[in-house]
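The values are calculated or read from the model by the stated rules, or taken from the named source; none is laboratory data. Quantities reported herein were computed from a predicted structural model and do not represent experimental measurements. Because the Cβ atoms are built from the backbone with ideal geometry, glycine has one as well, and the counts that use them run over all protein chains shown.
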Amino acid sequence: MKQWKKPNTISMLAMLTVVLVSTLAVTLFKNRIDVADAVDPTQPTVAPTPIPRAWEARQTAAEHRSAEVVPLVKEVLKETPAQRRARFGDKVPQIEDIEYSYFLLNNPIIEKEGNLYGRVRFMHKKHAGILKDCFICHHHRAADPKAPDISRCSACHQDSFNAELPGRIGLKGAHHRQCMGCHKKWNRGPVGCTECHPKNVPDHTNLVKLPWNPKPTDVTKECLRCHDVQAEEMLTSTHWLWKGPSPFTEGSEKRIDLGKATKTINNFLIHIASNLPRCTSCHAGYGWKEATFDFTDKTRIDCLVCHDTSKTYVKAPLGAGMPDLKVDLVHVAKKVGKPSRKTCGSCHFSGGGEDPVKHGKLNPFLDFHSSSCDIHMGGLGFECHECHKTRNHKISGRSLALPVAEGSRSCEDCHTAIPHQGKALLNHHLNRHTEHIACTTCHNPFYAKCDPSKTFWDWSTAGNKKRKVKKDEHGMPDYDWKMGDFRWENRVKPAYAWYNGKVKRHILGDKINTEGVTVLTEPVGDIKDPNSKIYPLKFMGGIQAADAVHNYLLVPHLFGPGGYLETMDWQKSFAEGMKAAGLPYSGQYKWVETIMYIGLNHEVLPKKFALSCVQCHASLRTERSCGRCHQDKHEVDFKNLAFQGIDFKILHGKGRDVQERVESTYYIGFEKLGYKGDPILFGGRFKQLPLGWRLGSKKE
Amino acid sequence: MEINRRQFFGIAGTMAGGALACKPKKTQAARTLKAPPDPYGCLMDITACVGCRKCEEACNRVNNLPPPQVSFDDPRPLERKRRPVVTAYTVVNRYHTGKRDQRNQLIPTFVKVQCMHCQDPGCVSACIVGALTKKDNGAVHYDASKCIGCRYCMVACPFQIPAYDYHDPLTPKVHKSTFCYHLIIKEGGKPACAVICPVEAITFGKRRQLLGLARQKIKNDPGRYLDRIYGEHEVGGTSWLYISGEPFEKLGFLDLPTRPIPHLTETIQHGMFRYMWAPLSLFAVLGGFMWTFNRKQITGDSEPERKEGSI
C-alpha cells in the first residue's frame, strides 16, 4: 500500500499543475482576444445619413466583368486597319455606342500566374474620346461572322504561350504592349509600373519577428531590419517633419521651413506650440511631446499608423503619437500593407481635433465603400494613394490651408483638360468651361455632404460654465464652455473665388489687419489672370486672440497641464503659448476676427449630380432655344441640354437634404467674381460671346 | 634495313603527326550534333523588351537567391553592362545603338543575358564528372552533388556564363540559369522569367515552333526585325533565341561559329581513340622502344666487356 501512495501524490501534484497552467493560459489567451476585440473601428458608430447607395453599382459591374473568362476566339479575321475602316464605312462606332465606360483590368487568367500588382482602373470612354478611333485598340475581329465586331481584349488574348496558337500573345502581355506602346509612342499617359497599378505587399505574418507585448519603438526597429532605406526617406518627408517646401505660398516659394511644426496658424486650434502632446497625436512618430524631439531618430517613426491593414491600430488622443495601450502591436505589425482610406483618415478625417470639424470634404463616411459622399472613394472604392501618388514616401497633393506640398495633383491629371467626352453639344460647351472653371465648381456644388462641418469658431466666449448648451439641427452643440461658440453647417454652398494655385498666407508673427478681418489663407487669382479658375472653397470664420500691443495673433497653451482647458486663464495660457512659440507677449490681448479658405477637392459628385447650366446662368432659364447665339436647329433639344437632369431636384430625390436649393439659380454669383453679370449676357473673361448683342441693348 | 635510334624516332614522330593531322578530316562526318530531338526554348523579342527587370526579380525569387543590393524596381543597375553572377542568373543590359526617336531622344535597347542552353553545350562536354547534362527538355542541367569544382565549364562556355562560388571555401558551386528545370519538367510549367514578363518579350515553347514563329515575325514585319535569328545556328544552335531590330554586334552578342563548341575537342579526343588506333600505336611505339632497347641490351652485353678490355 505504501508503494502506491507515492505515485498518487505525484500524479495529483501533476494534475494540479496542469490545471493551474491551463487556467493561466486561458486567462492570458482571453485577455489577448479582448485586446483584439476592444478596438473595432470597422463598425460605424453613427448610422449613415440617408444617402444614395446606387453609386457602387458601376464598380461592382466592373469587378464582375474583370472576373469573367469569356470563350477564346481562335480564328481571327485578317485585315488591315484600313480594310477594317472601309468595311465599316459610315457605321464606324462612336463614343456614344460605348457600353461600358469603366473597366478594371484584371482577370483570373492573369492572376493565376501570380499577382505582383493590383488591378488597373481603365477609363475606356476617356481613351475612346481622345483617340477617336476604336480600331487602334480593337485591331481584329473574330473570323466567325456572327461574332460581334468589337470584343474585349480577353476574348482573343488569354493564356500566354498557347502552343495551339503560336504568336498569339497572352492577356497580360497584350494589355502591357497596347497601353505602354501607345503611351510611349504619343509620350502621354503613364508607363511606369506603379503609375498604373499599386504594388501588392507580401504577407508579413511570417516575416515579422517580435517578442510578446513589444514597445512601439521595438516594432519600428523590426521594420528597420529590412526597410532602412524607406526610413531614411521618411525622415525627410512632410509627414515626419511637419514642415517642408512651400512652392505655392506667395512670397515663400523658395522656403522649406514652413508648416504646422513652425509658423502655420489657423483659426481652429490655433497652433501646435505648447500643445504638442495633443496635436502630435496625429504625428507619424512616437513621443513628440517636447520641442527637443529628435527628428533624426529612425526608431521613433510610426510605420503602423499608415501601413496597418488590420484596422485595429489607433493612437492615444493625448499620447504625442503613441499608440493606444489596448492595441495589439504584434498583430498589427504582422498585418502591414498598403495605406488605405482608414489609415490616412485616422488623421485626415479628424482634422481640427475630431471628426468632420475642419475639412468639410473629408469625413469618416468615406472609409465605407458603400458610402456615396464621393464618387471616387465612395462609389469606385479608390484608396487615397491611388490619386495621391507617392514616391519615396513623399506624397503628392497640396492644400490651401497648409503651405507644405510634396507634389501636386489635379483632376486633369487623369481626366485631361477636355474631360467631357462625346460629340454631344453639351459636352462641347462644358469643355469650353474647363479653362475658366475648376472641375469641382460644378462637381462639388455643396460641401459637408455627409457630416456637418464647423464653419465658425469664437474663442472669445469660452469660459462660461453656466451657459446652457443648445443642440443645433444637426445635433451638434453650439457652445462648449472650454472652447467657445461654434457654428456647424451641413450641405453648405461653398464660397467661390478665382484661384491660380498660389496662396496668400498669414504666418505666425505677421501683423494683423487692425481695421478689419485678418485673412489667414486666401487664394490668389483674378478674373483677368488667364491661369486663374473659379474654385469652390470652404469659408471658415473665427474669433481668436491677438496681442494688443504687438498686433500679431497669439498662440494659446490649450492642452495639457497648465493649459487653458484646465486653468481657464487666458493670460497664463497666452504667456506660455507665446513662450513656446518664441515670440514676446505684451500681456494685453484683444479678440480679432479671422477668416480662412479651405479647398474642396474631395467629395466629388458624378455628372448626374453636378450643377446644370441654368443653375448658374440664370439667363438660360427664360430661353426656349439655342437661337440667341446659334442658328436654331429643330433637332436640338434645348431644354434637355441646358436643364439636363443635373439639378438639386435629383439630389433631393436621392435623399439629400437640399430642398431649399431646388429651383435656385445664380449659384456661383458672377458679380462677386468680377463679372458684370451672367457671362452669357455680358461676355466672358477674354472675349464677348459671338452673338451677345443683348449686352448693349439691355444696358443702355 | 638498318635504322638507328634517331632515325626511328624521326619516322615514328612523322607517322604519329601525320595520323593526327589526317584523322580529324576523316572523322568529321562521323561526329553528329548531340541535341535532344524536340527541346523547349525561349524566343526573346528584343524590340518588345522595356527593361523593367521583372525577369531578374522572378529569377531571384524562383531560385531563392539572396536579396539584391539595389531593388529590382530601380533602373540604376542598367547604367553599366553586367554579366550573370552567382547571385543573379539573369541580367538585363541596356544599349544605345544610336537610334533616335521623333523627339531626338536616344532609343534604348534592352537585352536579357542568361545561359543560352546550347543544343550541344561546351560545358557539358568539358565536364569531366557529368555534373552538367543536356536534358531532353532543353535545359542544361547542373548537378551540384557531382561537381568537383574544376571550373572547366567556365572555360568551355563560349558565352562566359557559369559563375563560381569563389567566396565559399567548403561547398562551392557553379551557378547559371537553370531554365527553371524544376518547373518545366512538370506539365504546363514555364520558366519564371517568361511568365512574369509584362510585355511578353519572351515566348516559351518548343524550339522548333519558336523558330517558325520567329521567321513569321520577321517576314510579317521586315521593318521592325533584322533577318537573323540569333541562336538558330550559333554554336550549333541554342535553346534561347533572339530576334532584334538592331544589329546583334551592337547589342553585346558575340559573333560565334556555327560549329558546336565540343566539335573540335571531341573530334580530336574521340578520333584519337577510334578503332583503338591511338593506344595501339602507342603500344607499338612502346613495343618498338622495348625491342630496340632489349636488342641493344642483348647485343651490348659484350660492349662493357669490350670497354673494360679497352681500358
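If the condition is being surrounded by 21 or more Cβ atoms within 10 Å (Cβ to Cβ) and either out of contact with any Asp or Glu (no Cβ under 8 Å at 6 or more places or on another chain) or at pLDDT 95 or above (or both), then the stretch B:230-243 contributes B:230, B:231, B:234, B:238, B:239, B:240, B:241, B:242, B:243. Scanning the stretch A:143-164 for residues that are touching a residue at least 60 places away in the same chain (Cβ under 8 Å) and either in contact with a Leu (Cβ under 6 Å, 6 or more places away or on another chain) or not assigned by TED's automatic domain parsing to the domain that holds residue A:91 (or both) turns up A:143, A:154, A:158. Of all residues in the stretch B:177-190, those that are in contact (Cβ under 8 Å) with a residue 12 or more places away in the chain, touching a helix residue (DSSP H, G or I) at 6+ places or on another chain (Cβ under 8 Å), more than 10 Å from chain A (Cβ to nearest Cβ) and not in a helix (DSSP H, G or I) total 2.
Residues that are within 14 Å of another protein chain (Cβ to nearest Cβ) and touching a residue at least 40 places away in the same chain (Cβ under 8 Å) were ranked within the stretch B:214-238; the one that is farthest from residue B:138 (Cα to Cα) is B:224.
Yes/no per residue for (1) closer than 30 Å to residue A:523 by Cα; (2) in a loop (DSSP other than H, G, I, E, B):
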site	(1), (2)
A:206	no, yes
A:209	no, yes
A:222	no, no
A:229	no, no
A:255	yes, yes
A:261	yes, yes
A:266	yes, yes
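In the stretch A:88-120, the qualifying residues are those that are in contact with a Leu (Cβ under 8 Å, 6 or more places away or on another chain) and within 27 Å of residue A:166 (Cβ to Cβ), and the one that is surrounded by the fewest Cβ atoms within 10 Å (Cβ to Cβ) is A:109.
Residues in the stretch B:196-213 that are more than 10 Å from chain A (Cβ to nearest Cβ) and surrounded by 17 or more Cβ atoms within 10 Å (Cβ to Cβ): B:207, B:211.
For the stretch A:60-87, the set of residues classified as of a type in the set (A, V, I, L, M, F, W, C), part of a helix (DSSP H, G or I) and surrounded by 13 or more Cβ atoms within 10 Å (Cβ to Cβ) consists of A:61, A:62, listed by residue number.
The single condition from (1) among the charged types (D, E, K, R); (2) over 21 Å from the mean Cα position of the chain (by Cα); (3) in a helix (DSSP H, G or I) that residue A:342 fails is (2).
Within the stretch A:643-700, restricting attention to residues that are of a type in the set (D, E, K, R), farther than 30 Å from residue A:448 by Cα and part of a loop (DSSP other than H, G, I, E, B), the residue that is modelled with the lowest pLDDT is A:700. Against the criterion of being among the acidic types (Asp, Glu) and at pLDDT 70 or above, residue A:632 qualifies. If you check A:489, A:473 for being surrounded by fewer than 17 Cβ atoms within 10 Å (Cβ to Cβ) and of a type outside the set (Phe, Trp, Tyr), only one passes: A:473. Residues that are free of Cβ contacts under 8 Å to residues at least 12 places away in the same chain and either over 28 Å from residue A:261 (Cα atoms) or hydrophobic (A, V, I, L, M, F, W, C) (or both) are absent from the stretch A:437-450 altogether.
Selection within the stretch B:31-49: residues that are in contact (Cβ under 8 Å) with a residue 12 or more places away in the chain and surrounded by fewer than 20 Cβ atoms within 10 Å (Cβ to Cβ). The member of this set that is farthest from residue B:135 (Cα to Cα) is B:47. For the stretch B:54-78, a residue qualifies if it is surrounded by 17 or more Cβ atoms within 10 Å (Cβ to Cβ) and among the small types (Gly, Ala, Ser), and exactly one does: B:58.
Being more than 30 Å from residue A:460 (Cα to Cα), hydroxyl-bearing (Ser, Thr, Tyr) and surrounded by fewer than 20 Cβ atoms within 10 Å (Cβ to Cβ): is that true of residue A:246 here? When the stated conditions are applied, residue A:246 does not pass them.
Being within 23 Å of residue A:507 (Cβ to Cβ) and either outside any loop (DSSP other than H, G, I, E, B) or touching a Cys at 6+ places or on another chain (Cβ under 7 Å) (or both) is the filter here, so list the residues in the stretch A:522-537 that pass it. A:522, A:523, A:535, A:537 - these are the residues of the stretch A:522-537 that are within 23 Å of residue A:507 (Cβ to Cβ) and either outside any loop (DSSP other than H, G, I, E, B) or touching a Cys at 6+ places or on another chain (Cβ under 7 Å) (or both). Taken over the stretch A:536-573, the criterion of being touching a Gly at 6+ places or on another chain (Cβ under 7 Å) and farther than 26 Å from residue A:278 by Cβ is satisfied by A:537 alone.
Scan the stretch A:323-338 and tell me whether some residue there is of a type in the set (Gly, Ala, Ser), without any contact (Cβ under 8 Å) to a residue 60 or more places away in the chain, assigned by TED's automatic domain parsing to the domain that holds residue A:242 and in a loop (DSSP other than H, G, I, E, B). The answer is no; no qualifying residue exists. Entry remark, the stretch A:180-201: residues being more than 10 Å from every other protein chain (Cβ to nearest Cβ) and out of contact with any Pro (no Cβ under 8 Å at 6 or more places or on another chain) number 10 in total.
Filter the stretch B:103-139 for residues that are among the hydroxyl-bearing types (Ser, Thr, Tyr) and buried (at least 20 other Cβ atoms within 10 Å of the Cβ); which is nearest to the other protein chains (Cβ to nearest Cβ)? The extreme case among them is B:109. More than 13 Å from every other protein chain (Cβ to nearest Cβ), acidic (Asp, Glu) and within 26 Å of residue B:125 (Cα to Cα): is that true of residue B:255 in this structure? Yes, satisfied.
Within the stretch A:138-179, the set of residues being farther than 17 Å from residue B:50 by Cβ, within 42 Å of the chain's Cα centre (by Cα) and either within 13 Å of chain B (Cβ to nearest Cβ) or among the acidic types (Asp, Glu) (or both) comprises A:149, A:157, A:158, A:159, A:161, A:168, A:171. Contact annotation: residue pairs with Cβ atoms under 8 Å, 6 or more positions apart or on different chains, pairing a residue in the stretch A:223-249 that is under 23 Å from residue A:398 (Cα atoms) and in the same structural domain as residue A:296 (by TED's automatic domain parsing) with a partner that is assigned to a loop (DSSP other than H, G, I, E, B) and acidic (Asp, Glu), are A:237/A:406; A:238/A:406; A:243/A:257; A:244/A:406; A:245/A:406; A:246/A:253; A:247/A:253. Only one of these is within 24 Å of residue A:487 (Cα to Cα) and surrounded by fewer than 22 Cβ atoms within 10 Å (Cβ to Cβ): A:590, A:511. Name it. Exactly one residue qualifies, and that residue is A:590.
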